[in-house]
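A.B. asks: Starting off with a structure, shown below.
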Amino acid sequence: MPRRMIVFAALCLTLFPGLLRAIEPELLCALAEAADEHVYSIGLCDGERSVSIDVTPATRCHNSYSTAKLFTAAAVGLLVDRGALSTDEPIYPILAPYFPETFDPRWKEVTVEHLLTHFVGFGEDFRDIDIDSEDPRSWGTDDLLGRAVSNDLVYPPGEKEVHSDAAFYLLSRVVAVRAGKGLDDFLRDEFFVPMRFAEYAFSRCPLGYAIGATGIYLSAEDMAKFGAMYAAGGLYQGRRYLSEDYIRRSIERHYALYPIGEDGLRFQKGGMNGQVIYINTRTGLAAAIQTFDGNLGDLEKILLERDN
């Protein structure tokens, strides 16, 4: 084992003895040792305590790309738990003031559930609002909601799954209406501050709304905390953040969470360049990896084999 791993494990045993009853230092060290130079940091959390290690030193927070969708889905869930929103609600009455004058009337059939599950009705060639792969300055508009709903729907809402950033940007706008504040402010107040996130930042559209689908900047350790809250059925450090019912629905209906392995107990949400939040609902352990195109195959194998 490299010297830095030995030193790290020794420090953990000295400084975090309670943590290591749940998170063995060997697991974190094995992950770090198997990581390549494109992995920046790895975080683990057992729902009570969290720990992380730098593999390739870099800034603490990085763009986590589509892992942002899990955070947006959580914001929706909190509004659902509070009775301020229903997943069965059509989005048009909520966002009607922001719709353009002309649009495909089938947009009136699109519900919050359709957005969460990517069953909006988009065709494979629709114009997304992908700020990661395109230059939004080339779109000729600052109105990303208008750009999204200017797409005619190819399929009836609910018929076909086509992943998009547009769906979760629209969820960001739904949250802003029903929460009375932007998605980023809502997440900050309801999750990030009480969970003691170290740093966080969000990409916003030209009109000031969080993109919701991408552009969330977080550390691996704080990503693992959020995963641990999901793994524990909505609890973190004894405080309930989301209902067990909403967590169950998130897992069953794939609200930005997808199964990994074959036991039906482990799930993940990944980002465009390999960033990932991994949760184990049996052990309550969550892991997060900040990377840019790192080779995660060995890390996933370790998690599947040792986190059981």
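Every number in this text was worked out from the coordinates using simple rules, so none of it is lab data. Predicted, not measured: the structure shown is a model, and the values here were computed from it. Note that each Cβ is placed from the backbone with ideal geometry, even for glycine, and that neighbours are counted across all protein chains shown.
A.B. asks: Go through segment 48-54 residue by residue and turn each phi into a ³J(HN,Hα) via Karplus (6.51, -1.76, 1.60, θ = phi - 60°); whole Hz please, and just put x for glycine and proline.
C.D. replies: For segment 48-54, the Karplus-derived couplings read 10, 9, 9, 8, 8, 9, 7 Hz, x marking Gly and Pro.
A.B. asks: Right, here's the next one. Given 0.36 nm per residue, what is the gain on full extension from Ser86 to Val193 after removing their alpha carbon distance, in nm? Don't skip to the answer; put the middle values down first.
C.D. replies: Numbers: separation 107, 0.36 × 107 = 38.52 nm, distance 2.55 nm.
The Ser86-Val193 span can extend by a further 36.0 nm.
A.B. asks: Give the Cα extents of the chain along the principal axes, in whole Å, largest first.
C.D. replies: Principal extents (largest minus smallest coordinate, Cα): 64, 39, 35 Å.
A.B. asks: Let me ask something else. Between Thr141 and Glu124, 0.36 nm times their residue separation minus their Cα-Cα distance comes to what?
C.D. replies: Numbers: separation 17, 0.36 × 17 = 6.12 nm, distance 2.21 nm.
So the chain would gain 3.9 nm between Thr141 and Glu124.
A.B. asks: Would you please put 247-255, 108-116, 42-50 in order of how densely packed they are, using the mean number of other Cβ atoms within 10 angstrom per residue and starting with the highest? Spell out each step's value before the answer.
C.D. replies: Working: 247-255: 17.4, 108-116: 20.8, 42-50: 24.0.
The densest-packed peptide leads the list: 42-50, 108-116, 247-255.
A.B. asks: While we're here: Tell me the label-point distance for the pair Ala201, Ala58, using the 7 Å Cα-to-Cβ offset, in nm and rounded to one decimal.
C.D. replies: 1.4
A.B. asks: Using only Cα atoms, locate the centre of segment 266-283 and the centre of segment 40-60, then give the distance between them in Å, rounded to an integer.
C.D. replies: Measuring centre to centre over Cα atoms gives 14 Å.
A.B. asks: Fully extended, how many nm does the chain gain between Asp152 and His38 (0.36 nm per residue separation, minus their Cα-Cα distance)? Before the final figure, lay out each step's value.
C.D. replies: Numbers: separation 114, 0.36 × 114 = 41.04 nm, distance 3.99 nm.
Full-extension gain reported as 37.1 nm.
A.B. asks: Here is a follow-up. What whole-number distance in Å separates the alpha-carbon centres of segment 69-139 and segment 154-230?
C.D. replies: 12
A.B. asks: Along the three principal axes, how long is segment 133-182 when you take its alpha carbons, biggest first, rounded to the nearest angstrom?
C.D. replies: 32, 30, 18
A.B. asks: Could you give P(r) for segment 193-266, binned at 10 Å from zero, as whole percent values over all Cα-Cα pairs?
C.D. replies: Going from the shortest bin to the longest, the percentages are 17, 39, 37, 7, 0.
A.B. asks: Under the rule of -39500 (n - 2.57) per DSSP H run of 4 or more residues, summed and divided by the residues of the chain, what mean residue ellipticity at 222 nm is obtained, to the nearest 500 deg cm²/dmol? Working shown, then result.
C.D. replies: Working: 12 runs with 111 residues, N = 308.
It lands at -10500 deg cm²/dmol.
A.B. asks: For the chain, what is the relative contact order in percent, using Cα pairs closer than 8 Å and at least 6 residues apart in sequence? Intermediate results must be reported in sequence, preceding the final value.
C.D. replies: Working: 583 pairs, mean separation 79.7, N = 308.
Worked out over the chain, it gives 26 percent.
A.B. asks: If you average the sequence gap of Cα pairs under 8 Å that are 6 or more apart and divide by the length of segment 67-179, what percent do you get for the contact order? Walk me through the intermediate numbers first.
C.D. replies: Details: 146 pairs, mean separation 41.6, N = 113.
It rounds to 37 percent for segment 67-179.
A.B. asks: Nearest 10 degrees is fine. How inclined is helix 3-15 to the longest principal axis of the chain, computing both from alpha carbons?
C.D. replies: On a 0 to 90 degree scale, this one is about 90.
A.B. asks: Something else about it: In Å, what is the Rg of the alpha-carbon atoms in segment 67-179, and how long is Dmax?
C.D. replies: 13.3, 39
A.B. asks: Determine, for the chain, the count of lysine pairs separated by eight or more sequence positions (or lying on different chains) whose alpha-carbon distance falls under 23 Å.
C.D. replies: The result is 10.
A.B. asks: May I pose another question? Kirkwood hydrodynamic radius (Cα pairs, Å) of segment 130-277?
C.D. replies: For segment 130-277, inverting the mean 1/r across all distinct Cα pairs yields 17.0 Å.
A.B. asks: Let me know the volume per residue of the alpha-carbon convex hull for segment 83-123, in Å³. List each step's numbers first, then the result.
C.D. replies: Numbers: hull volume 3.1 nm³, N = 41.
Measuring per residue, one finds 75 Å³ for the Cα hull of segment 83-123.
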